[in-house]
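Undergrad: What follows is a structure written as structure tokens; I'll ask about it next.
The values are calculated or read from the model by the stated rules, or taken from the named source; none is laboratory data. It should be emphasised that the depicted structure is a prediction, and the values quoted were computed from it without experimental measurement. Positions of Cβ are backbone-derived with ideal geometry, glycine not excepted, and every protein chain shown enters the neighbour counts. For the accessible areas, the whole protein counts, side chains as well, though only heavy atoms, and no ligand, DNA or RNA atoms are used. Shrake-Rupley method; radii C 1.70, N 1.55, O 1.52, S 1.80 Å.
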Amino acid sequence: MPKINLAVYWTAACGGCDVAILDTEAKILEVGELANIVLWPLATDGKYADLEKLGPGEIDVCLFHGSIRLSEQEAMARLLREKSKVLIAFGACSSFGGIPGLANFHRREEIFRRAYQETPSTDNPNGVLPETQVRVAEGTLTLPEFYHQVYSLDQVVPVDYYLPGCPPPVHLIVAAIDAIASGQLPPKGSVIAGDKSVCHECPREKQEKKVRGFKRPHEVLVDPNRCLMEQGIVCNGPSTRSGCGARCTKVNMPCRGCFGPAPEVLDQGAKLVSSTASILDASDEATVAEMVSTMADPAGLFYRFSLPVSMLQKKRQGGKVS
Amino acid sequence: MTERIGVYVCHCGHNIAAVGDVEKVAQYAGTLDNVVIARDYKYMCSDPGQELIKNDIQQLGLTRVVVAACSPRMHEPTFKGALERANLNGYLLEMANIREQCSWVTDNTQNATEKAKSLVRGAVRRVYYHRPIEERVVSVNKATLVVGGGIAGIQAALQIAEAGHKVYLVEREASIGGQMAKFDKTFPTMDCAACILTPKMVAVSQSPNIELLTYAEVAQVDGYVGNFTVTVRQKPRYIVEDLCTGCGDCTTACVLKNRIPDAFDEGLSKRSAAYISFPQAIPLKAVIDEKECLLLTKGKCSKNCVEACSREAIDFSQKETVRRIEVGSIILATGFELFDARKAPQYGYGIYDDVYTGIEFERLTNASGPTQGKILTKRGEEPKSVAILHCIGSRDENYQKYCSRVCCMSSVKFAHLVKEKTDAEVFEFYIDMRTFGKQYEEFYTRVQEEGVNFIRGKGAEVAKVDGQLVVRAEDTLLGAYREIPVDMVVLNTALVPRHDAEKVAQIFGISRSEDGFFLESHIKLDPVTTSTDGVHIAGCCQSPKDIPDTVAQGSAAAAQSLAVIATGKVKISPISAWSDPAVCAGCRICLGLCPFKAIGFNEEKKVAEINQAVCKGCGSCAAGCPSNAIVVSHFSNQQLLAEIEGVLA
């Protein structure tokens, strides 16, 4: 069997996804046998020009991790889309916007002001902010444009498969590699993960739920056998897609939601607000408000990985997406 | 597949058309996707209006219909019927409410018209995704449960029993009769309450179709209209009912004779631990008060009662029993309580002697009451002057805002009784005199002629000045402040919901209105049905009312239950929730959310399952379901999002 051409690329991401690929251990050798690595900034040297030389569809599979915030990232996404037969959104950032997507709770101007002017470690007496072009004696310097919001990969280019997770767990990466090797890929648009919510895989004992307030994991001695929500710990598992094997709840940590919305869920954060609110043991608004006040940063908590693909998408200005 | 949608915009006479531009709305609707015909018409709900829809369905092959008119609560059934007559499933209809939500909330034509267009656009997009659904029919258990053995419950039970059907009548107290059994005379005819009530009580005990469960309470209700399973807890009487003849020997023998305040006499007299509630009690059986009986509380007593009982009917080993009853419908007639006059200390109740509540006065004047019907002050003297205060706790921002409806008439009745039995001067303090019922005004006139002083002004305070009770009030007709010394004060207290009304509402799955009474389906047109099919309400548990109205509601509720029985089957709304086992992850969040207890958990498959027959389609579970496994038919995400997008487009 001829070797396939594989590209691995990252944009707005932490690099954890690259490490996850390396975490496949011996399987990585199979990748070597299976594929020519045409691009993988972490492991090999590659230039834009090398990529541009390839014909359309010459890359068989591209694993793309990271969300899109800069014009350069969008350009690379478009280029890789053109050159790849199969484009896989790899990890939470490219699938849903991920952690960088939380920046959508702030406008670009707010982010710049904070990052370049207000942080205690900033030394910027003239208050200079990044610009796409600046003229210096030697000529014109350019920077990619910083967009108004963070996008998921599929908000920029069509995506063939999604492999969610922060980072994707090894067993799903292995499953994806096997599927690629055997040519047994699922229907386009599939999410390579489970088809229920995390509760399905979570071994904790579940009962009817009624809570009178919320706790963070470090504030309680967690009962290892009982549903975390019943213990007042906010868990994103009920609205999050399964497939991870409940790796967080098995070690007494609540689900953070990195697999994105469960299959039938339209908006992960909104659904979590609705279902978490429904278990409050309160009959009047004042009590509800008091209970909710025990929860730290509900918006960030419930939309931790999926804000850009949610119905909210981003902070609004005057009721409009700015 | 594309749908062929017809849009019908109603003028509702001037109701809609006087503000909104209905022609423009219809014209606009005609431009929307999939709309093949859009019309406006003066009265869409009229026969010609419905005919228009029916003909269009048949001639133009419409597959979906939008009616832009009034609230669907008014006419959705009408237009569903029109669709069905044209062989189109009734659920392929969507209504846009352009009356209450557009023309009635503004006088600005442009705003009303624009909003109407938006609502129509939402309805058109939504109706595209409607699916035909069929109403479900279930068979009916012909037995009825009546809760509460006051006059409302008695009336309802007798009527159903007379029609030949089984009734279970559950009463919390040891005897039926309710509040009416305590009354002396009844306005406006002044016949004695017992004389007209006890024949009905006896009829209950003699009816072969009525099974009377006294000293019992409903603990749980499962199921749905036609098929309720009711759990009833019956407290032990410590008397074997079949043996007891009601002779009263145990009550005279009891060690605690004349030691325990008699609740039936509002604490104005004392009884034994073994007692019979009142002489005409049904069932006429003794009961031993387990909170007072020395043997049951302290474990030690000479047990004189056991010795006295020649029938050997006393059995201290009795325990609470639990019964399950199967019925098709339920009538709640749980009545009212009286406002606690201690909560309004300005009237001196519980502070000064000779300040009585209305119900205490009923006992005082009752021939079987603590004074054998004589109106006497605490010192045993006939009062020379009596004040009767209306609206204690009623029509008062500080207590109940509503009018208790019966107090004006009972106050007039009290005045008449005082005049009849004593030589006392009577002063009535009222805000407005409300004597609205049949022969009520005539009775009021008669009592006026008897020389009662009616003072238009709410009693503000009852005080004691130098050992003399005085009532202070503003006489609004004279425009003067008055202080009237009296020997006795009667406070006519408000009728309030029972203290456990919320718990009862939860058990039966019904709602309460703002005032705390049980909520009817429609305040005018559906006063005895509730939001739970098959659960009907009658009497003062719905709102304060007099005996004629209470009896009428008892009959009305019986008619509702008989209608359920007569059809032999009931239609259940097809709008219900369904949990997709392929999506449900078994988190169990939904289990505690269902107000109708329709959700169970399949331990084998580890998924939630919804009993379609019990589900009312309220959607609480769907909102709470974190994985969207639960879908409510006719309210799917697809339908709702299409509507929202349409409205906002």
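Undergrad: Can you work out the Karplus-derived ³J(HN,Hα) for every residue in region B:472-489? Use 6.51 cos²θ - 1.76 cosθ + 1.60 with θ = phi - 60°, whole Hz, and x for glycine or proline.
TA: Listing the rounded values in order: 10, 7, 9, 7, 6, 7, 7, x, 10, 7, 10, 10, 10, x, 9, 9, 8, 10 Hz.
Undergrad: Identify, among B:Ile37, B:Ala96, B:Val127, the residue whose Cα sits farthest towards the positive end of the charge dipole of region B:18-164, taking +1 on the Cβ of Lys and Arg and -1 on the Cβ of Asp and Glu, with the dipole about the Cα centre.
TA: Highest projection toward the positive end goes to B:Val127.
Undergrad: Oh, and also: Which whole-number percentage describes the relative contact order of region B:1-114, with Cα contacts under 8 Å and a sequence gap of 6 or more?
TA: Working: 217 pairs, mean separation 38.8, N = 114.
Relative CO of region B:1-114 lands at 34 percent.
Undergrad: Right, something else. Each label point is 7 Å from the Cα along the Cα-to-Cβ direction; what then is the distance between the points at B:Ser511 and B:Lys270, in nm?
TA: The two pseudo-label positions are separated by 5.0 nm.
Undergrad: Can you tell me, using C-alpha contacts under 8 Å and at least 6 residues apart, the relative contact order of chain B as a whole percent?
TA: 13
Undergrad: Using a 1.4 Å probe on the protein heavy atoms only, what accessible surface does A:Glu58 show? Give it in Å² to the nearest 10.
TA: In the full protein context, A:Glu58 sits at about 80 Å².
Undergrad: Turning to a different aspect of this structure: Return the carbon/sulfur percentage of the accessible area of region A:208-322, one whole number, probe 1.4 Å, all protein chains in place.
TA: Percent of accessible area from carbon and sulfur atoms in region A:208-322: 53.
Undergrad: Compute, for A:Ile99, the solvent-accessible surface of its heavy atoms (probe 1.4 Å) with the complete set of protein chains present, and express it in square angstrom to the nearest 10.
TA: Result for A:Ile99: roughly 80 Å² accessible.
Undergrad: Hey, rough spin-label estimate for B:Arg131 and B:Asn611, points 7 angstrom out along Cα→Cβ, what's it come to in nanometres?
TA: 2.4
Undergrad: Give the accessible area for A:Ser71 in Å² (nearest 10); use a 1.4 Å probe, count only protein heavy atoms, and leave out ligands, DNA and RNA.
TA: Counting only protein heavy atoms, A:Ser71 exposes about 40 Å² to solvent.
Undergrad: B:Ile630's amide H: which non-local residues (gap 5+, or another chain) put their own amide H closer than 5 Å, with H modeled 1.01 Å from N in plane and none for Pro or chain starts?
TA: Amide H to amide H, under 5 Å and 5 or more residues apart or across chains, B:Ile630 pairs with B:Asp580.
Undergrad: For region A:260-274, in order, what is each residue's ³J(HN,Hα) by Karplus, 6.51 cos²θ - 1.76 cosθ + 1.60 with θ = phi - 60°, in whole Hz (x at glycine and Pro)?
TA: Along region A:260-274, the couplings run x, x, 4, x, 9, 8, 7, 9, 4, x, 4, 5, 5, 4, 5 Hz.
Undergrad: Continuing with this model, one more query. With each pseudo-label sitting 7 Å past Cα toward Cβ, what's the B:Met74-B:Val255 distance in nm, one decimal?
TA: With each label placed 7 Å out from Cα toward Cβ, I get 7.1 nm.
Undergrad: At 0.36 nm per residue, minus the direct Cα-Cα distance, what do B:Asp340 and B:Ile523 gain on full extension? Give it in nm, one decimal, please.
TA: 63.2 nm
Undergrad: While we're here: What's the magnitude of the charge dipole for chain B around its Cα centre, counting Lys and Arg as +1 and Asp and Glu as -1 at the beta-carbon? Answer in Debye, nearest 20.
TA: So the magnitude is around 1180 debye.
Undergrad: Evaluate the charge dipole of region B:1-154 about its Cα centre and quote only its size in Debye, nearest 20, assuming +1 on the Cβ of each Lys and Arg and -1 on the Cβ of each Asp and Glu.
TA: On the way: 18 positive and 16 negative charges, 65 e Å.
Dipole size: approximately 300 debye.
Undergrad: Same structure again: So if each residue of separation counts as 0.36 nm, and I subtract the Cα-Cα distance between A:Thr140 and A:Glu72, what length gain in nm does that give?
TA: 22.7 nm
Undergrad: B:Phe187's amide H: which non-local residues (gap 5+, or another chain) put their own amide H closer than 5 Å, with H modeled 1.01 Å from N in plane and none for Pro or chain starts?
TA: For B:Phe187, whose amide H was placed from the backbone, there are no distant partners under 5 Å.
Undergrad: With θ set to phi - 60° and the Karplus curve 6.51 cos²θ - 1.76 cosθ + 1.60, what are the ³J(HN,Hα) couplings of region B:38-45 in order, to the nearest whole Hz, using x for Gly and Pro?
TA: Using θ = phi - 60°, the values come out as 9, 10, 10, 8, 4, 10, 4, 7 Hz.
Undergrad: Mind checking the angle between helix B:547-567 and chain B's longest principal axis? C-alpha axes, 0 to 90 degrees, to the nearest 10.
TA: 50
Undergrad: With a 1.4 Å probe on protein heavy atoms only, tell me which residues of region B:618-649 lose at least 30 Å² of accessible surface in the complex relative to the chain by itself.
TA: For region B:618-649, once contacts with the other chains are taken into account, B:Ala623, B:Pro626, B:Ser627, B:Asn628, B:Leu641 lose 30 Å² or more.
Undergrad: Strictly greater than 18 Å: what percent of every Cα pair in region B:273-334 meets that?
TA: Pairs farther apart than 18 Å: 54 percent.
Undergrad: Let me ask something additional. Show which lysines lie in cross-link reach of A:Lys206 when reach means a straight Cα distance below 24 angstrom and same-chain residues fewer than eight apart are skipped.
TA: The reachable lysines, counting only those whose Cα sits under 24 Å from A:Lys206, are A:Lys196, A:Lys215, A:Lys250, A:Lys271, B:Lys597, B:Lys605, B:Lys606.
Undergrad: For the interface of B with A, what's the total buried accessible surface in square angstrom, probe 1.4 angstrom, rounded to the nearest hundred?
TA: So the total buried area for this chain pair works out to about 1700 Å².
Undergrad: Output the antiparallel fraction of DSSP beta bridges having both residues in chain A, as a percent to the nearest 5.
TA: Given both bridge residues lie in chain A, the antiparallel proportion sits at roughly 35 percent.
Undergrad: Given an 8 Å cut-off on Cα distances and at least 6 residues of separation, report the relative contact order of chain A as a percent. Present the calculation step by step, with values, prior to reporting the outcome.
TA: Working: 598 pairs, mean separation 57.4, N = 322.
Once normalised by length, the contact order is 18 percent.
Undergrad: OK, next. Using the crude model of +1 on Lys and Arg Cβ and -1 on Asp and Glu Cβ, and no other charge, please compute the dipole size for chain A relative to its Cα centre, in debye to 20.
TA: Charge dipole of chain A: 540 debye, to the nearest 20.
Undergrad: Same structure, new question: Give me the percent of accessible area attributable to carbon and sulfur for region B:87-192, probe 1.4 angstrom.
TA: Of the solvent-accessible surface of region B:87-192, carbon and sulfur hold 46 percent.
Undergrad: Another one. Could you calculate, for the protein assembly as shown, the ratio of the Cα radius of gyration to the Kirkwood radius, expressed as Rg to Rh?
TA: We get a ratio of 1.09 for the protein assembly as shown.
Undergrad: Ok, one more. What whole-number value in Å² describes the accessible area per residue of region A:1-95 for a 1.4 Å probe?
TA: Solvent-accessible surface per residue comes out at 44 Å².
Undergrad: With 31 Å as the limit, write out which pairs from A:Lys209/B:Lys569; B:Lys166/B:Lys235; B:Lys185/B:Lys503; A:Lys314/B:Lys115; A:Lys27/A:Lys85; B:Lys200/B:Lys235 have Cα-Cα distances beyond it, or answer none.
TA: Values: A:Lys209/B:Lys569 36 Å; B:Lys166/B:Lys235 23 Å; B:Lys185/B:Lys503 33 Å; A:Lys314/B:Lys115 28 Å; A:Lys27/A:Lys85 23 Å; B:Lys200/B:Lys235 25 Å.
Check vs 31 Å cut-off fails for A:Lys209/B:Lys569; B:Lys185/B:Lys503.
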